[in-house]
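Report on one structure; see the data block that follows.
The values are calculated or read from the model by the stated rules, or taken from the named source; none is laboratory data. Keep in mind that this is a model prediction, so the values were computed, not measured. Please note: Cβ atoms are built from the backbone with ideal geometry, for glycine as well, and neighbour counts cover all protein chains shown. Ligands, DNA and RNA are excluded from the accessible area calculation, which covers all protein heavy atoms including side chains. Shrake-Rupley method; radii C 1.70, N 1.55, O 1.52, S 1.80 Å.
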Amino acid sequence: MNKPYIICHMMTSVDGRIDCGMTEKLAGVKEYYEILEQLNLPTTVSGKVTARLEMAEAGEFIPQHYEAFGKEGFSKKTASDGYTVVTDSKGELLWGNAVENEMPLLIITSEQVSKEYLAYLDAQNISWIVCGEKKIDLIRASEILAAEFSVQRMGIVGGGTINAGFLDAGLLDEISMLVAPGIDGRGGMAASFDGLAMDKEPVCLQLESAVPYEDGAVWLRYRIK
């Protein structure tokens, strides 16, 4: 399989929670971004929930006359050393000024996306990939990223559902976890990997390194067994 080398890089509390509003109050934020730079991941992938919180504009795209795109395809607007990738299976996020990211924006969606939404992305010069009949086919998306967008190294940076999706698809090569010295403890908050079926077997990891920091944070780096 031709795919990028993929590392999931996250910052969590000791209890594994990843709510951004919580983690930004803990020691380790500075180290998280330093490690991300050190890992050399010019392309990063975020899920829709994270993107809505951190990048997208308020509101939701509502097509006037819904017609599904209904097939696989892609549109490469910009050749770049890296991309800010967002998964948005139905095509709902609004962008506007958010297209002014350091790296060009690239939206991955499913065949359920409306033709109107793709036209909306086209009008803003935003690249896109469509793959997967009812939900995004992450394996196929990874192949397209490698073959058509020349992505060689890629970081999955949240949230829990997209992290778990890449894990479940067998696409992750490494897990990089910056554990902050703090506890969330609130019920119902998302974890680093979240939403898989209850009968899913645990994924075993091999510890590659553990680096403690003076502020109490610890960087754990694992390979998938």
Legend entry - the range 24-59 and the range 117-164: distance between their alpha carbon centers, rounded to Å: 17 Å
Inset, instruction - Could you order E31, E60, E102 by accessible surface area, starting with the largest, using a probe radius of 1.4 Å? - result: E102, E60, E31
Inset, instruction - Lys and Arg at +1, Asp and Glu at -1: add these up for the other residues within a Cβ distance under 14 Å of G21 and post the number. - result: 0
Inset, instruction - With 28 Å as the limit, write out which pairs from K3/K76; K25/K77; K3/K71; K30/K134 have Cα-Cα distances beyond it, or answer none. - result: K25/K77; K30/K134
Legend entry - For V29, solvent-accessible area (1.4 Å; no DNA, RNA or ligand), Å²: 50 Å²
Legend entry - Residue-wise HN-Hα coupling along the range 39-52, computed from phi with Karplus coefficients 6.51, -1.76, 1.60 (Hz; x: Gly, Pro): 6, 6, 10, x, 9, 10, 10, 10, x, 5, 5, 5, 4, 5
Inset, instruction - Looking at the range 49-139, send over the antiparallel percent of its DSSP beta bridges, to the nearest 5. - result: 40 percent
Inset, instruction - Report the antiparallel proportion of the DSSP beta bridges in the chain as a percent, rounded to a multiple of 5. - result: 45 percent
Inset, instruction - Report, in debye and to the nearest 20, how large the dipole of the range 72-143 comes out about its Cα centre when Lys and Arg carry +1 and Asp and Glu carry -1 on their Cβ. - result: 120 debye
Legend entry - Cα long-axis angle, helix 29-38 against the chain (0 to 90 degrees, to the nearest 10): 70 degrees
